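Here's the structure, in C-alpha cells; my notes come after.
Every number in this text was worked out from the coordinates using simple rules, so none of it is lab data. Please read all numbers here as calculations on a predicted model, not as lab measurements. Neighbour counts run over all protein chains shown; Cβ positions are idealised from the backbone, glycine included.
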C-alpha cells in the first residue's frame, strides 16, 4: 500500500512538473525581450511553432500540440496560420481555443476553411490563395502552393524588420522569387513528401540567413545540416527542440 501511494505521488508530481514546465515555456516566450533584429521561436512538434519578434507574434500549425494552459499564456498573436488539414498540422478544437483567446485573424489552406467557419466569423478568416497577398497590421503574407498529399499551402511572411518562410512538410517547389531571412523547413518523417534533399533545394532558392528545421528525424536534420555546411556555410543552422525557445539575431 505504501509503495502504491509513493508511485501515485511521484506520478502526480511528474504531471504537475510537466504542466508547469510547458506552461512556463509560453510565458517565457512572451516575456522575452527582443531587439528589432531579433526573433524567438518556440517549437511544439512537427511543424508547429510560435515566432515572436520585437513587435509581432505568429502561430503556425499548432495542431493539438499546445495545451489549454499554454493557450491561456499567449499574450498576443497577429495571425494564426495553418498549412493543411492533416492531424499533425491542424486540430479544430485547439484552433478554436487559440482563436477565442487571441481573436487573431486565421489564414488557412482551403482544406480547413469550412471547418474554421464553425467557430470564427467570416471576416476573421482568410483563405490562402497563392494569387493574392494578405496584409494584416503591416504584415504581408504570401501564400505558396506546396507539394504534398492533398492540398497544402506554405507561407512567406514579410514582417516589419525581416521575413520568414514556413515550409510545413512539403516537397520542393520553386521559391526563387522569395528571398527570406529565416527559413523554417521540414526534412522528412513522418511526411511522405518532405526530405533533406528537397529542403536543400528550398534553401538554395530562399538564400536565408538562418535555417531552422523541424518535421524530420535526427538523421534527416543532420543530413541537411551537412549539405548546408559544405555548400552554404554562411547560413546559421538550428535544429528546433520541443518546448525550447531559440533566440535568433538576423
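So the values come out like this:
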read-out	value
Residue 100/residue 189 FRET efficiency (R0 51 Å; Cβ-Cβ; nearest 0.05)	0.95
Residues 62, 206, sorted so that the one with the fewest Cβ neighbours within 10 Å comes first	206, 62
Protection proxy ranking, peptides 34-40, 197-203, 127-133, 223-229, average beta carbon neighbours within 10 Å, highest first	197-203, 223-229, 34-40, 127-133
Distance between modelled label sites at residue 231 and residue 127, nm, 7 Å Cα→Cβ extension	3.7
Gain on full stretching of the segment that runs from residue 135 to residue 34 - 0.36 nm per residue minus C-alpha separation	34.0 nm
Shape of segment 152-250, Cα gyration tensor, a/c cut at 1.5	rounded
Solvent-free Debye scattering, log10 I(q)/I(0), computed from the Cα coordinates of segment 20-149 at q = 0.13, 0.20, 0.22 Å⁻¹	-0.51, -1.23, -1.45
Computed [θ] at 222 nm, deg cm²/dmol, the chain (DSSP H ≥ 4; -39,500 (n - 2.57); rounded to nearest 500)	-9500 deg cm²/dmol
Spacing of the two label points (7 Å from each Cα toward its C-beta) at residue 149 and residue 161, in nm	4.1
